[in-house]
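Colleague: Here it is, the structure in full.
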Amino acid sequence: MIFHTTYKKPVLLVGNGARFSGAVDLIHEFVKRTHVPVLTTMNAVDLAQDDIRLGFIGTYGNRVSNMILSECDLLISVGARLGLRQIGHVRERFAPKAKLIRVDIDPNELSRIVKDDEKQYLMDVSAFLRQLLTEDVPDFSDWWYRCMKAKDLLSQYDDELGNVVVKKISSLLPPNPIVSVDVGQNQCWCAQSLSLKGDKGRILIGGGYGSMGCGLPMAIGSSIATGKGVVYCITGDGGLQMNIQELESVVAEHLPVKIIVMNNHALGKISEIQYVSYGSRYAQTTHGSGYCVPAFEKIAEAYGIRSVALESYESLDAYAGWLLDKDPCLININMPENTLLIPKIKWESGEILPKLTEDLLREVNDLLR
């Protein structure tokens, strides 16, 4: 027997290996039957969307997800490698109150011990979940409700402009879209705030490869793989410049790829590190330190792709029709250079920054404890 009824606050943690296992429907069946809250890794954010979405864990993960992780008493990890960006460098801080069950098909991943008393299953995720579904798992609706309530309380707290822009984009997308996401700040904003309607959509993320520039090529490949289907590419000004020549492929192959540029005129992820850790000593990351950004809309027009530059994300509504038809487009959304990426877990202490107000922290803790 895998599941023991002594647990009161279980969590299912889903990694991208669960998709490769073909376990997507089994995950949804288990969650809807038991109301066990589901968290994800960054690479697997599309596996828990719509009404079961809480967010992903780790360094730049959703605050509510990391707080739930700290309070759960059972963590069932399926198809997640539990790398440093997820567990941190001090193992004892990871899910400190929880019994850990790890399911992975790769023995090398399981050879890295996260908790000394963890229980491991070297098996396919689908086989594990089918076995779990045969057990008499209680209904955890009360715990589910408390987690969702905590999510609602925190929903506006960490909303930087990047998150607000992504939420606006989300509201204009059709159900079950395919979205490719580039590397950089836009990647984290999308993982945090891109909320898809339906449970069949895809969010394609480059993950730990750090493959800056992957957004447009992934969108092109996805469109071709779906019979020239509509695909949305959310990218940054730095990422798009890595493979901007692929605009020609979009035109040559007549692909309905919708390119949305979150353009803060900086290599945001790197410049933020230079700002926080190196006393604002910028080098080749900002306009004043050797980095420049072209007028993307003019380049797209030169390829024959309709395009527009927006001074504010609030103007997106006027171009909602562009996101639904069968023609390619590029929408260049200008943003301030110093747009920050939060929340973030402080590497030294494990503290989530910025800090919550005392009243809000107390209210959320009361729900999760």
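The values are calculated or read from the model by the stated rules, or taken from the named source; none is laboratory data. Remember, predicted model here, so these are calculated numbers, not experimental data. Backbone-built Cβ (ideal geometry, glycine too); neighbour counts: all protein chains shown.
Colleague: Those residues that are farther than 21 Å from Phe94 by Cβ and modelled with pLDDT of 95 or more, I need them from the stretch 1-19; list them, please.
Modeller: If the condition is that a residue be farther than 21 Å from Phe94 by Cβ and modelled with pLDDT of 95 or more, then Arg19 is the only one that fits.
Colleague: Moving to a separate point now. Among the listed residues Asp237, Asp158, identify the single one that is charged (D, E, K, R) and either surrounded by fewer than 17 Cβ atoms within 10 Å (Cβ to Cβ) or out of contact with any Lys or Arg (no Cβ under 7 Å at 6 or more places or on another chain) (or both). Outline the logic, then answer.
Modeller: Details: Asp158 fails: either surrounded by fewer than 17 Cβ atoms within 10 Å (Cβ to Cβ) or out of contact with any Lys or Arg (no Cβ under 7 Å at 6 or more places or on another chain) (or both).
Of the residues listed, the single one that is charged (D, E, K, R) and either surrounded by fewer than 17 Cβ atoms within 10 Å (Cβ to Cβ) or out of contact with any Lys or Arg (no Cβ under 7 Å at 6 or more places or on another chain) (or both) is Asp237.
Colleague: Right, here's the next one. Just to be sure, is Arg146 under 23 Å from Ile27 (Cβ atoms), of a type in the set (Lys, Arg) and in contact with a strand residue (DSSP E or B) (Cβ under 8 Å, 6 or more places away or on another chain)?
Modeller: no
Colleague: What's the total number of residues in the stretch 215-233 that are within 13 Å of Lys258 (Cα to Cα) and not in a helix (DSSP H, G or I)?
Modeller: 6
Colleague: Would you call Ile205 within 17 Å of the chain's Cα centre (by Cα), closer than 24 Å to Gly229 by Cα, modelled with pLDDT under 95 and not small (Gly, Ala, Ser)?
Modeller: Details: within 17 Å of the chain's Cα centre (by Cα): yes; closer than 24 Å to Gly229 by Cα: yes; modelled with pLDDT under 95: yes; not small (Gly, Ala, Ser): yes.
Answer is yes for this residue.
Colleague: Just to be sure I understand, how many residues within the stretch 91-118 are under 23 Å from Phe20 (Cα atoms), in contact (Cβ under 8 Å) with a residue 60 or more places away in the chain and surrounded by 19 or more Cβ atoms within 10 Å (Cβ to Cβ)?
Modeller: The number of residues fulfilling the criteria is 2.
Colleague: Just the residues that are touching a residue at least 12 places away in the same chain (Cβ under 8 Å), over 17 Å from Asp327 (Cβ atoms) and part of a loop (DSSP other than H, G, I, E, B), please, taken from the stretch 239-291.
Modeller: Asn243, Asn264, His265, Ala266, Leu267, Gln284, Thr285, Thr286, Tyr291
Colleague: Let me confirm something: among Lys228, Lys197, which residue is surrounded by fewer than 19 Cβ atoms within 10 Å (Cβ to Cβ), within 20 Å of Asp317 (Cα to Cα) and basic (Lys, Arg)?
Modeller: Only one candidate qualifies: Lys197.
Colleague: Output the residue which, of all residues in the stretch 1-29 that are more than 18 Å from the chain's Cα centre (by Cα), charged (D, E, K, R) and in a helix (DSSP H, G or I), is farthest from Arg146 (Cα to Cα).
Modeller: By that ranking, first place goes to Asp25.
Colleague: Cβ-Cβ distance below 7 Å, separation of 6 or more or different chains: which pairs start in the stretch 338-367 with a residue that is within 28 Å of Ala266 (Cβ to Cβ) and end on one that is polar (S, T, N, Q) and surrounded by 15 or more Cβ atoms within 10 Å (Cβ to Cβ)?
Modeller: Every condition considered, the pairs that remain are Thr339/Asn264; Leu341/Gln185; Lys344/Thr59; Ile345/Thr59; Ile345/Asn66; Ile352/Asn66.
Colleague: Sticking with this one: Is it true that Gly61 is modelled with pLDDT of 95 or more, assigned to a loop (DSSP other than H, G, I, E, B), under 16 Å from the mean Cα position of the chain (by Cα) and not aliphatic (A, V, I, L, M)? Talk me through it step by step, then tell me what you get.
Modeller: Numbers: modelled with pLDDT of 95 or more: yes; assigned to a loop (DSSP other than H, G, I, E, B): yes; under 16 Å from the mean Cα position of the chain (by Cα): yes; not aliphatic (A, V, I, L, M): yes.
Yes.
Colleague: Take the residues of the stretch 1-42 that are over 22 Å from Gly61 (Cβ atoms) and among the aliphatic types (A, V, I, L, M): which is surrounded by the most Cβ atoms within 10 Å (Cβ to Cβ)?
Modeller: Residue satisfying both the conditions and the ranking: Leu26.
Colleague: Still on this model: Being over 27 Å from Pro343 (Cα atoms) and either among the aliphatic types (A, V, I, L, M) or surrounded by 23 or more Cβ atoms within 10 Å (Cβ to Cβ) (or both), is that true of even one residue in the stretch 69-79? Steps first, please.
Modeller: Let us first name the residues in the stretch 69-79 that are over 27 Å from Pro343 (Cα atoms), namely none.
No.
Colleague: Any chance the stretch 30-53 includes a residue that's acidic (Asp, Glu) and outside any helix (DSSP H, G or I)?
Modeller: no
Colleague: Would you call Tyr282 out of contact with any strand residue (DSSP E or B) (no Cβ under 7 Å at 6 or more places or on another chain), within 30 Å of Pro354 (Cβ to Cβ) and aromatic (Phe, Trp, Tyr)?
Modeller: yes
Colleague: Pick out the one residue from Ser271, Ser289, Ser312 that is in the same structural domain as Gly184 (by TED's automatic domain parsing) and more than 24 Å from the chain's Cα centre (by Cα).
Modeller: Values: Ser271 fails: more than 24 Å from the chain's Cα centre (by Cα); Ser312 fails: more than 24 Å from the chain's Cα centre (by Cα).
The unique qualifying residue is Ser289.
Colleague: Going by what's in this entry, would Leu100 be described as assigned to a strand (DSSP E or B), more than 19 Å from Arg146 (Cα to Cα) and not acidic (Asp, Glu)? Lay out the reasoning, then the answer.
Modeller: Details: assigned to a strand (DSSP E or B): yes; more than 19 Å from Arg146 (Cα to Cα): yes; not acidic (Asp, Glu): yes.
Criteria met by Leu100.
Colleague: Of all residues in the stretch 284-324, count the ones that are within 18 Å of Met242 (Cα to Cα) and surrounded by 11 or more Cβ atoms within 10 Å (Cβ to Cβ).
Modeller: 14
Colleague: Find all pairs meeting these conditions: Cβ atoms under 7 angstrom apart; at least six residues apart or on different chains; first residue within the stretch 29-55 and in contact (Cβ under 8 Å) with a residue 24 or more places away in the chain; second residue part of a loop (DSSP other than H, G, I, E, B) and of a type in the set (D, E, K, R).
Modeller: As it stands, the answer is Thr34/Asp139; His35/Asp139; Gln49/Asp199; Asp50/Lys197; Asp50/Asp199, since those pairs meet every condition given.
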